[in-house]
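Working notes, beginning with the structure itself.
The values are calculated or read from the model by the stated rules, or taken from the named source; none is laboratory data. Computed from a predicted model, the values in this text were never measured in an experiment. Cβ placement follows ideal geometry from the backbone for every residue including glycine, while neighbour counts extend to all protein chains displayed.
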Amino acid sequence: MTELDQLLTVLRTVAEPTRIRLLALCAEGELTVTQLTQILGQSQPRVSRHLKLMVDAGLLERFREGTWAFYRLARRGSSTDIAARILEMVPADDPATSRDRQRLAEVKAERDRIAAAYFRKNAKQWDEIRRLHADDDEVEKALMALLGEAALGRVLDIGTGTGRMLELLGPRARHGIGIDLSREMLNVARANLERAGLDHCQVRLGDMYGLSAAGDRFDLVTIHQVLHYADQPGLVIAEAARVLAPGGRLVVVDFVRHDVEVLRTDHAHRRLGFEDEEIAAWCREAALSPAAPVAIPGDPLTVKIWMAVRHGEPAATGQQAD
């Protein structure tokens, strides 16, 4: 298809009021068919039909999350610039799009309410664990110092939870993806990322043992306080290594080996921390070159940051703390 053909396809696709409204809504974030139906006040089959045509024209992206399907403005392809110019021409005071924006705000407020309720329900458990180790601010400062000041490129956060790593790293990333198996946590993460204005970062339902991304994709992969939940930590590291670009870095943040058994009995931790050598061995098996870890002492739990670089590139150097 020539550029002119593509232009004509896009213009024919958006030459309908509902599709213009859908384009404007999906430019505001990731929305489900149900949410779009609620906002537009139209039937689901009708909305779905419009969405399919817009995806086919390259105006929107569709991705599945379990039984749900989300739509957002396309970020790649020849149609993206055309879509941006069309959106600039939509009158700010148009009654239909103004009503859509109001209803969208209501949908987002309800999503935030659900996310906040889930967070409150689980906050006590998270606070109990936080009291056992070094302050999160200290851990994050050490992580940022280890990563240096250069741009981070394409970032993947495995087990993203509330999306905190994407919030922290997102401002220096070209693009960020967070995966998690909990739809409730993804709701929290979406609300946090939207509040932070990080529209180049998204979260997806995903399994740390079977990442759907192709290899040679990410410049940085983070596994923050997740590995201790894994039955097969080495497999998680191998999967992370598989999706690293040449020269890409893997960062694991977790506890040093400990004997706080309550974390296993009451908080579902599969592993009571890790030794430097076992993390290094898993990295080497995945063709990664380990760097010196960084420790952030706590009482009774010490947090460590382990970093490794995809094989064939020099490993970055951290400062070992006692």
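Couple of notes before you dig in:
- Filter result (assigned to a strand (DSSP E or B) and not acidic (Asp, Glu)) within the stretch 212-244: 218, 220, 221, 222, 223, 224, 244
- Among the conditions (1) more than 28 Å from residue 258 (Cβ to Cβ); (2) at pLDDT 95 or above, residue 169 misses just one, which is (1).
- Verdict on residue 197 being without any contact (Cβ under 8 Å) to a residue 24 or more places away in the chain and not aliphatic (A, V, I, L, M): yes
- Being assigned to a loop (DSSP other than H, G, I, E, B), touching a Phe, Trp or Tyr at 6+ places or on another chain (Cβ under 7 Å) and surrounded by fewer than 22 Cβ atoms within 10 Å (Cβ to Cβ) is a condition met by no residue of the stretch 192-211.
- Residue in the stretch 120-138 that is of a type in the set (Lys, Arg) and touching a helix residue (DSSP H, G or I) at 6+ places or on another chain (Cβ under 7 Å) present: yes
- Flag for residue 83 being under 21 Å from residue 162 (Cα atoms), among the small types (Gly, Ala, Ser) and either at pLDDT below 90 or in a helix (DSSP H, G or I) (or both): no
- Count of the stretch 150-177 residues which are basic (Lys, Arg), closer than 16 Å to residue 240 by Cα and assigned to a helix (DSSP H, G or I): 0
- In the stretch 1-27, residue surrounded by the most Cβ atoms within 10 Å (Cβ to Cβ) [restricted to those that are in contact (Cβ under 8 Å) with a residue 60 or more places away in the chain and within 14 Å of residue 99 (Cα to Cα)]: 25
- Boolean, residue 75 is farther than 26 Å from residue 179 by Cα and either of a type in the set (D, E, K, R) or assigned by TED's automatic domain parsing to the domain that holds residue 200 (or both): no
- Residue pairs whose Cβ atoms lie under 8 Å apart, sitting 6 or more positions apart in sequence or on different chains, and linking a residue in the stretch 219-236 that is buried (at least 21 other Cβ atoms within 10 Å of the Cβ) to a partner that is of a type in the set (Ser, Thr, Tyr), are 236/209.
- Residues located in the stretch 33-82, provided they are out of contact with any helix residue (DSSP H, G or I) (no Cβ under 8 Å at 6 or more places or on another chain) and crowded, with 18+ Cβ neighbours inside 10 Å: 70
- Some residue of the stretch 255-263 being in the same structural domain as residue 222 (by TED's automatic domain parsing) and either under 21 Å from residue 145 (Cα atoms) or at pLDDT 95 or above (or both): yes
- Number of positions in the stretch 29-68 that are assigned to a helix (DSSP H, G or I) and on the phi > 0 side of the Ramachandran plot: 0
- Contact annotation: residue pairs with Cβ atoms under 7 Å, 6 or more positions apart or on different chains, pairing a residue in the stretch 125-143 that is of a type in the set (S, T, N, Q) with a partner that is surrounded by 14 or more Cβ atoms within 10 Å (Cβ to Cβ), are 125/267.
- Search result, residues across the stretch 138-161 that are within 18 Å of the chain's Cα centre (by Cα) and over 20 Å from residue 302 (Cα atoms): 151, 152, 153, 154, 155, 156, 157, 158, 159, 160, 161
- Filter pass, residue 185 being surrounded by fewer than 23 Cβ atoms within 10 Å (Cβ to Cβ), touching a helix residue (DSSP H, G or I) at 6+ places or on another chain (Cβ under 9 Å), outside the structural domain of residue 75 (by TED's automatic domain parsing) and part of a loop (DSSP other than H, G, I, E, B): no
- The requirement of being in a loop (DSSP other than H, G, I, E, B) and loosely packed, with under 14 Cβ neighbours inside 10 Å is not satisfied by residue 247.
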